[in-house]
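Visitor: First the structure, then my questions, so here it is.
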Amino acid sequence: MGLLAYLKTQFELHLLIGFVFVVSGLVINFIQLCTLVLWPLNKQLYRRLNCRLAYSLWSQLVMLLEWWSCTQCTLFADQATMDRLGKEHAIIILNHNFEIDFLCGWTMCERFGVLGSSKVLAKRELLCVPLIGWTWYFLEIVFCKRKWEEDRDTVIAGLRCLADYPEYMWFLLYCEGTRFTEKKHRVSMEVAASKGLPPLKHHLLPRTKGFTTAVQCLRGTVAAIYDVTLNFRGNKNPSLLGILYGKKYEADMCLRRFPLEEIPQDEKEAAQWLHKLYQEKDALQETYNQKGVFPGEPFRPARRPWTLLNFLFWATVLLSPLFRFVLGVFASGSPLLILTFLGFVGAASFGVRRLIGVTEIEKGSSYGNQEFKKKE
């Protein structure tokens, strides 16, 4: 193991990275709070500023993937599709099988210049999570309770507000609604059978309401739907902790573009289109498992330096006073002050670990288990 690889495994460095992310995030959230005064005066300026503030936070996570772990992301697509990326509003459909699938999606957003303006349909519980939920709130992210009867009006209103968004926007949709587990897959396929739908081997049955509503509300704004099917070479199952420890992965993403005009306007027909799309995604996953490659021409968009430079900026601003403070604490010789500081370090490490835990599959949402519980 080389020196750099060894350093990447050290808890002290992880704690410093977490410190930079958390403190810079709180500073960014405070600045976002101050920008609220701009909303009634100049809504588009507010949005442009918050896109860049969100970029300053999210790009730190992308930096871990691109520069810390040096994970390689390869797109399989055609040249015409590649030429349009980042140059139009789009809905991005992703599979939800891995702990870091969101990070791979953000990496592609970053490389095509839309990381700060990327949107998601997020569960309402995340609104209470510091940094993540708070940043999304200022970005006009649509939050939902995952009960369509209660969510319908909120989701429609939130999506319609994005119709005049000034930056190129990617709306990231995980149509399965929750991450893939064997238990959820078993229940999902029982539901599929009851509805007369073909079984899926590698995906859960897609939830169509969010998709059809997004298409209806963003029609006229969004130019296309991009379907992304993600897999990792070597049958790897990466985690955010693995990324933090500097493990390198190779992510392959099959990318297909569908002009929005091809999506039926009728809700039932649009839902059928989505089910057909997931049958195709399942076939793509099966092909990848057998051949180790997706169809299409491979592209490796170059990583940009901005994520690294942004992190170095925050590290310089925040770590210098931290080091001076720590030296002052230990130089004081006060047992109470030293113990208080060590207690703070312990609490900070616990907080960072809890934030990482949000991404872990085994600690993910129970959404999708309702039918299972009924059968129990």
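The values are calculated or read from the model by the stated rules, or taken from the named source; none is laboratory data. Because the structure is a prediction, the values reported are computed rather than measured. When we count neighbours, we look across all protein chains shown, and the Cβ atoms used for this are built from the backbone with ideal geometry, even at glycine. Heavy atoms of the whole protein, side chains included, go into the accessibility calculation; ligands, DNA and RNA do not. Shrake-Rupley method; radii C 1.70, N 1.55, O 1.52, S 1.80 Å.
Visitor: Quick one: grab the alpha carbon gyration tensor of the chain, order the square roots of its eigenvalues as a ≥ b ≥ c, and give me rounded if a/c is under 1.5, else prolate or oblate depending on whether a/b is larger than b/c.
Guide: Since a/c reaches 1.5 and a/b is larger than b/c, the shape of the chain is classed as prolate.
Visitor: Multiplying the sequence separation of residue 11 and residue 156 by 0.36 nm and subtracting their Cα-Cα distance, what value in nm do you get?
Guide: 47.8 nm
Visitor: What FRET efficiency would be calculated for the residue pair residue 324, residue 250, taking the C-beta separation as r and a Förster radius of 30 Å, to the nearest 0.05?
Guide: Plugging the Cβ-Cβ distance into 1/(1 + (r/R0)^6) gives 0.15.
Visitor: Mind checking the angle between helix 182-194 and the chain's longest principal axis? C-alpha axes, 0 to 90 degrees, to the nearest 10.
Guide: The two axes meet at around 20 degrees.
Visitor: Residue 125 to residue 332: extension gain in nm, 0.36 nm per residue of separation minus the Cα-Cα distance?
Guide: Roughly 70.3 nm would be gained on extension.
Visitor: If you don't mind, another one. Output the 0 to 90 degree angle, nearest 10, between the alpha-carbon long axis of helix 43-63 and the longest principal axis computed from the alpha carbons of the chain.
Guide: 70
Visitor: In the chain, what percent of the accessible surface is made up of carbon and sulfur (1.4 Å probe, ligands and nucleic acids excluded)?
Guide: 61
Visitor: Along the charge dipole of the chain, Cβ charges K/R +1 and D/E -1, which of 156, 318, 287 sits furthest on the positive end?
Guide: So the residue furthest toward the plus end is 318.
Visitor: Relative to the longest principal axis of the chain, what angle (0 to 90°, nearest 10) does the C-alpha long axis of helix 208-218 take?
Guide: It is inclined by approximately 80 degrees.
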